[in-house]
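See structure below.
The values are calculated or read from the model by the stated rules, or taken from the named source; none is laboratory data. None of these values were measured; they are calculated from a predicted model. No Cβ is skipped: glycine too gets one built from the backbone with ideal geometry, and neighbour counts run over all protein chains shown.
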Amino acid sequence: MIYLDNAATSHPKPPSVYKRVDAVLRNCSANPGRSGHAMAIEAARIIFQTRESIATLFRIHDPDRIVFTSNATGALNLAILGLLKPGDHCVTSNVEHNSVVRPLHALSQIGLTVSRVAPTPQAFADAICGRTRLVVITHASNVIGAITPIAEIIAIAHARGVPVLVDAAQTAGSVPIDVASLGVDLLACPGHKGLFGPQGTGFLYIAPHIDVEPILFGGTGSRSDLEDMPDFAPDRYEAGTLNTPGIAGLGAGVEFLIDRGIENVRAHETALLHQLMDGLAAIDGVRIYGPLDPNRKTGVVLFTIDGIDPAEIGDQLDSEFGIAVRVGLHCAPQAHRALGTFPEGGVRISPGCFNTADDIQQAVGAVRQIVKRRSAVLA
Ligand SMILES: Cc1ncc(COP(=O)(O)O)c(C=O)c1O
């Protein structure tokens with residue numbers, strides 16, 4: 001099988017991730033931060049080590065401001081539901097994932113006002129007003145891969161005193177993100193995509209000056225005498241037993257990236273994107289959406305073929321050619337509406353760090369054959 005669905009979740013993982021998860025499950029499955037015995041202390045140390053590695057990769061000063069969640073959705077919900085209240089105003093883009101759209105929509109039912117604008121600095125500048133409490137922006141569209149100019153949008157928001165939540169689901173691990181110099185206030189990341197952690201991992205970075213209310217309440221192993229959640233991060237937001245094996249695996253994934261260098265990962269993905277877009281563009285009837293310059297996008301290519309349903313293309317790629325891609329709306333219906341590909345959506349090919357030029361050649365060849373066969377039927 002050729003796996004080209006890395007925008008959904010990465011596969012395979014670096015060998016060190018499998019090893020670390022296995023070792024922790026076998027040897028260190030105690031509850032971190034709860035009991036005082038040696039194995040529990042070791043589990044807590046492993047969790048802290050992952051926080052430190054993440055802090056190094058993203059240039060975050062204080063690792064304790066990194067809160068583990070189950071995925072990017074958990075991180076986005078914590079930031080959005082923990083910050084916004086009825087009567088507030090929020091500015092976001094019209095290409096967001098449902099993990100942003102749906103919590104904002106839920107809050108809009110009880111009095112939040114939401115402006116959805118194009119992902120450009122000017123559109124954000126025009127939409128921010130005196131009541132704006134938060135800007136939420138994806139760092140890259142999961143539908144077409146277009147990278148958003150977050151530095152400019154953050155500067156505009158900060159000039160008006162508004163904090164910014166960046167959804168880095170499609171960029172964490174493949175585009176360098178320097179939290180300190182960008183001044184990111186909140187950064188939501190999945191652990192299981194470009195950071196190579198297992199599924200069930202993710203995190204939210206909360207800058208020290210941002211006061212987020214917890215949305216999950218329960219045991220933390222700290223300040224157990226209180227009925228209130230502890231008032232310090234990360235415990236304030238991490239109720240319940242953490243996913244120690246998953247977080248350990250995430251740590252190994254992040255260490256792999258630090259070792260290899262994000263620039264090298266990006267250069268490899270950019271070369272594959274070049275090859276993929278050139279190959280697809282040469283096939284009659286194939287339409288590619290989004291930027292054609294690989295330097296302006298992440299590892300995502302969306303295309304349609306005139307006269308063939310995307311679902312049918314995905315089925316044929318999978319069942320006949322053994323190629324895994326994702327078709328449909330990619331949990332981002334607004335982005336597809338803006339592209340004119342709603343409601344059928346499109347076919348998304350998303351190469352990753354471990355794909356090769358041969359994988360891309362086979363994918364392009366398969367699409368060519370699908371088109372050829374359809375033309376023969378119609379002739
Ligand atoms: C832009 C974007 N935001 C959020 C998410 C949600 O990520 P998760 O599946 O980790 O919750 C995704 C997942 O594809 C995404 O692409």
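Please verify whether segment 46-54 includes one or more residues that are assigned to a helix (DSSP H, G or I), within 16 Å of the ligand (Cβ to nearest atom) and surrounded by 17 or more Cβ atoms within 10 Å (Cβ to Cβ). Yes, because at least one residue in segment 46-54 is assigned to a helix (DSSP H, G or I), within 16 Å of the ligand (Cβ to nearest atom) and surrounded by 17 or more Cβ atoms within 10 Å (Cβ to Cβ).
Of all residues in segment 328-353, those satisfying the criterion of being under 18 Å from the mean Cα position of the chain (by Cα), hydrophobic (A, V, I, L, M, F, W, C) and either outside any loop (DSSP other than H, G, I, E, B) or more than 14 Å from the ligand (Cβ to nearest atom) (or both) are 335, 349, 353. For residues in segment 121-155 being surrounded by 23 or more Cβ atoms within 10 Å (Cβ to Cβ) and away from the ligand (no atom under 15 Å from the Cβ), which is nearest to the chain's Cα centre (by Cα)? Among residues in segment 121-155 that are surrounded by 23 or more Cβ atoms within 10 Å (Cβ to Cβ) and away from the ligand (no atom under 15 Å from the Cβ), the one nearest to the chain's Cα centre (by Cα) is 135. If you go through segment 85-96, how many residues are surrounded by fewer than 23 Cβ atoms within 10 Å (Cβ to Cβ) and not in a strand (DSSP E or B)? So the count comes out to 5.
For segment 1-17, taking the residues that are under 14 Å from residue 197 (Cβ atoms) and of a type in the set (Ser, Thr, Tyr), the one that is nearest to the ligand (Cβ to nearest atom) is identified as 9. With respect to the conditions (1) more than 12 Å from the ligand (Cβ to nearest atom); (2) of a type in the set (S, T, N, Q); (3) under 30 Å from residue 22 (Cβ atoms), residue 170 lacks only one, and its number is (1).
Of note, residue 201 satisfies the criterion of being within 16 Å of the ligand (Cβ to nearest atom), under 17 Å from residue 244 (Cα atoms), hydroxyl-bearing (Ser, Thr, Tyr) and in the same structural domain as residue 40 (by TED's automatic domain parsing). Is there a residue in segment 211-223 that is within 30 Å of residue 22 (Cβ to Cβ), assigned to a helix (DSSP H, G or I) and of a type in the set (A, V, I, L, M)? For segment 211-223, residues within 30 Å of residue 22 (Cβ to Cβ), assigned to a helix (DSSP H, G or I) and of a type in the set (A, V, I, L, M): absent. Of all residues in segment 277-307, those that are more than 22 Å from the chain's Cα centre (by Cα), assigned to a helix (DSSP H, G or I) and either crowded, with 20+ Cβ neighbours inside 10 Å or not assigned by TED's automatic domain parsing to the domain that holds residue 325 (or both) total 2.
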